[in-house]
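Below is one structure; the comments refer to it alone.
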Number of protein chains: 2
Amino acid sequence: MASYKHKKVMSIGIVNELTGLSLRQIRYYEERRLIQPERTKRGTRKYSFSDVETLLQIADKREEGVQTYEIRKDLQTSTKGNLKERMIRGQLNAHFQMNK
Amino acid sequence: MASYKHKKVMSIGIVNELTGLSLRQIRYYEERRLIQPERTKRGTRKYSFSDVETLLQIADKREEGVQTYEIRKDLQTSTKGNLKERMIRGQLNAHFQMNK
DNA sequence: CGTGTAAGGAATTCTGACACG
DNA sequence: CGTGTAAGGAATTCTGACACG
């Protein structure tokens, strides 16, 4: 399922090609905790397709002038927001089923 | 869809970790045309998750003593076989629908 | 704050070849 | 045939730092 999307297998060079972001930028966004790549035994970073998607979102926000701190909050709330939305929908469904 | 599974993004070192095959073996199976990795601008090989799956199949066959030439044929017919099977099923479905 | 760059070292990958068999 | 290995070079990645602002 999520295995391919979330498996950390790409070197930073590939991520650079896929996103167009510089190595410096990719490492900096990690430092600001917007992404969390894994490390190989010898310390080279490994990224997932999911990380690449996040980086593309980050690039969009940065172009709009949003600071990394704000982007981090957005990324967190966008995830939580989806969860929240799903829970609310669940409650609404339960509500309508009761009144049906 | 197939984008993550077939996108060539992994270095040979990662493939080695994922499959347990030696670099020599991975390169040799390419030489025998069992897999077709892509290359970066400077010539380093890039593999997909799909390639990794194929390599795992190859490893199984090799343990059984099957030669690379036979494995290549198997890989080709297993793909074509699936296609053929689907076409036959389609015809069967059409047949039964006509007689229904 | 966000990003570029030069610096030096360490690890990776590549190819062609010899070896065994 | 399939795989290991030593060889030398080229390219990658890492970190900490200085720079601009």
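Calculate, for A:Lys41 and A:Lys61, the FRET efficiency according to 1/(1 + (r/R0)^6) with r their C-beta to C-beta distance and R0 22 Å; round to the nearest 0.05.
My answer for the efficiency is 0.10.
What does the copy distance list look like for A:Glu17, label position 7 Å along Cα→Cβ, in nm and ordered from shortest?
1.8
Taking the axis that carries chain B onto chain A, what is the nearest Cβ in chain B, and at how many Å, to the whole number?
Here the value is B:Tyr4, 2.
Please report, for A:Lys61, the nm distances (one decimal) from its label point, 7 Å out from Cα along the beta-carbon direction, to the equivalent points in the remaining copies, shortest first.
Those label-point separations list as 4.7 nm.
Along Cα→Cβ at 7 Å, what distances in nm separate the A:Thr77 label point from those on the other copies, shortest first?
Nearest to farthest, the other copies are at 6.1 nm.
Which trypsin sites (Lys or Arg not before Pro) from the stretch B:1-69 combine a DSSP loop assignment with at most 16 other Cβ atoms within 10 Å?
When the trypsin sites (Lys or Arg not before Pro) of the stretch B:1-69 are filtered for loop state and at most 16 Cβ neighbours within 10 Å, B:Arg32, B:Arg33, B:Lys41, B:Arg42 remain.
Every number in this text was worked out from the coordinates using simple rules, so none of it is lab data. Note that this is a predicted model, so its numbers are computed, not measured. Glycine also receives a Cβ, built like all others from the backbone with ideal geometry; neighbour counts cover every protein chain displayed.
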